[in-house]
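I have placed the structure first, in the form of structure tokens, so that the comments after it can refer back to it.
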Amino acid sequence: MRRKKGFFHGLITVTRSIFKRLLTKPVTAMANRFSSAPNREKVMEALTKLYGQTVDEPGQKNGNMIQFDPALQSVIIFSDQHKGGRDGADDFAVCERNYLAALEYYNTKNFYYVNLGDCEELWENTVVTVMKNNKASFTKEKQFIDRHAYCKVIGNHDLYWGNDPFAQMNIKKIYGTEVKIFEGISLRVQLPEKHFDIFCTHGHQGDAQSDGNWFSKWFVSWIWGPLQAFLEINTNSPSNNNSLKTLHNLMMYEWVSKQTDVMLVTGHTHQPVFNSLTHLERLYLRLEDAMEKRDEAAIEKITAEIPRRRREYDFVNNSFRKILPNYFNTGCCCFEDGTITGIEIAENSIRLIKWSYVKGKPTRTIAEEALLSDLGKGLR
């Protein structure tokens, strides 16, 4: 009997390997082509409308506004956990320990938590499956809710929370209380000399994938979801499509660059952006600075890192040296190596932070940091 089980297990493993090699590229290409199509006019219109709702109608269905003093209060923004069912398609499982450690750290320090969409993977899993397999994470999130320090924003993969009439019933099962869910939230930052808004939304607005496109939902639910689970591959469009990352970043930046005294924080692409620059673009700036200072050690280190970042994201905006510092992207909480990234606002600063396993232990590091007062001066 054991031999028979071992034989079938080996057969499944070999079959999965063969199909993974044959199908990953064409099916991913098909998913990207048909299920994600951001439209510039719709993106601009949707972001303008939603931001207006957070300012003019705070606390209503779509948006909320929070008055925020960065000298006294702290905020952590995470997105794109894609909490799943602990199967081969669950991108969050390897990151869970970092996520739990991060929430423990931020709750202890009384941070306000903005959970910025795609928190649960509800295209590929039922709500019941996600609830059953992510109790530890929900328990940590509940600690923020109990302190009235939590805001849940919907993304494209968890639109269920904003659309289903039974959503609040399940939220109450998870957290023990109802939680109002928004499409966007604005943090009104109070500085001595002025105030400005940090507008936070998932970033899927205006994308056919996310605005009720029937093909995309059918494809992910009935074809791609089961296939991803069987093949055990990680893909959440547009997170693995460089052209869509580029398009998303350009559209988000184009919108916010036309606003007055506004910064924009999104998720969606799974790619961290800080001060409107990708990590690759910031490396080029650092390389120029190191060359001017003739810092050979820094030049060698940066030059060695650039090829790796090019493989992750081979795009550099031609005018990146003149870009306004007003667009940020949280990255995600489902990197393949278990790392999670987010945007932290504390002690009058905004930071791109990451939690990763260092010698097996969840460890927080600051990847980028800037003073809010300096960035505020550079806003339009």
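Being under 20 Å from the mean Cα position of the chain (by Cα) and assigned to a loop (DSSP other than H, G, I, E, B) is the filter here, so list the residues in the stretch 120-136 that pass it. If the condition is that a residue be under 20 Å from the mean Cα position of the chain (by Cα) and assigned to a loop (DSSP other than H, G, I, E, B), then GLU121, LEU122, TRP123, GLU124, ASN125, ASN134 are the ones that fit. The stretch 54-119 holds no strands (runs of 3 or more DSSP E) entirely within its bounds that carry 1 or more residues that are among the small types (Gly, Ala, Ser), closer than 18 Å to CYS200 by Cβ and within 16 Å of the chain's Cα centre (by Cα). Residues of the stretch 325-340 that are crowded, with 23+ Cβ neighbours inside 10 Å and over 21 Å from ASP261 (Cβ atoms): THR330, GLY331, CYS332, CYS333, CYS334, ILE340. Count of the stretch 266-305 residues, restricted to those that are farther than 18 Å from LEU247 by Cβ, modelled with pLDDT of 75 or more and not in a helix (DSSP H, G or I), is 3. For THR339, the conditions (1) over 30 Å from LEU191 (Cα atoms); (2) at pLDDT below 90 all hold with the exception of (2). There is at least one residue in the stretch 134-141 that is among the small types (Gly, Ala, Ser) and touching a helix residue (DSSP H, G or I) at 6+ places or on another chain (Cβ under 9 Å).
Listed here are the residues, each with its yes/no results for (1) aromatic (Phe, Trp, Tyr); (2) in contact (Cβ under 8 Å) with a residue 24 or more places away in the chain; (3) surrounded by fewer than 23 Cβ atoms within 10 Å (Cβ to Cβ).
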position: THR108; (1), (2), (3): no, no, yes
position: VAL114; (1), (2), (3): no, yes, no
position: ASP118; (1), (2), (3): no, yes, no
position: GLU124; (1), (2), (3): no, yes, no
position: ASN133; (1), (2), (3): no, yes, yes
position: SER137; (1), (2), (3): no, yes, yes
position: LYS140; (1), (2), (3): no, yes, yes
position: GLN143; (1), (2), (3): no, yes, yes
position: VAL153; (1), (2), (3): no, yes, no
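In the set (1) of a type outside the set (S, T, N, Q); (2) touching a strand residue (DSSP E or B) at 6+ places or on another chain (Cβ under 9 Å); (3) modelled with pLDDT under 75, ARG308 fails one condition alone, (2).
Scanning the stretch 350-363 for residues that are surrounded by fewer than 17 Cβ atoms within 10 Å (Cβ to Cβ) and in contact with a strand residue (DSSP E or B) (Cβ under 9 Å, 6 or more places away or on another chain), we see that the one that is nearest to GLY376 (Cα to Cα) is THR363.
ILE145 - would you say it is in a helix (DSSP H, G or I) and of a type in the set (A, V, I, L, M)?
yes
Out of everything in the stretch 55-98 that is among the polar types (S, T, N, Q) and either touching a residue at least 24 places away in the same chain (Cβ under 8 Å) or farther than 19 Å from ILE185 by Cα (or both), what residue ends up being surrounded by the most Cβ atoms within 10 Å (Cβ to Cβ)? Give the steps one after another, and end with the answer.
Of the residues in the stretch 55-98, the ones among the polar types (S, T, N, Q) are 60, 62, 64, 67, 73-74, 79, 81, 98.
Okay, now just the ones that are also either touching a residue at least 24 places away in the same chain (Cβ under 8 Å) or farther than 19 Å from ILE185 by Cα (or both), so 62, 64, 67, 73-74, 79, 81, 98.
On the way: ASN62: 18, ASN64: 21, GLN67: 12, GLN73: 18, SER74: 17, SER79: 33, GLN81: 28, ASN98: 24.
This residue is SER79.
Going by the conditions given, is GLY162 closer than 22 Å to ASN329 by Cβ, of a type in the set (Gly, Ala, Ser), in a helix (DSSP H, G or I) and under 20 Å from the mean Cα position of the chain (by Cα)? Against the criterion (closer than 22 Å to ASN329 by Cβ, of a type in the set (Gly, Ala, Ser), in a helix (DSSP H, G or I) and under 20 Å from the mean Cα position of the chain (by Cα)), GLY162 qualifies.
The values are calculated or read from the model by the stated rules, or taken from the named source; none is laboratory data. Not measured: the values here are computed from a predicted model. Using ideal geometry, Cβ is built from the backbone for each residue, glycine included, and neighbour counts are taken over all protein chains shown.
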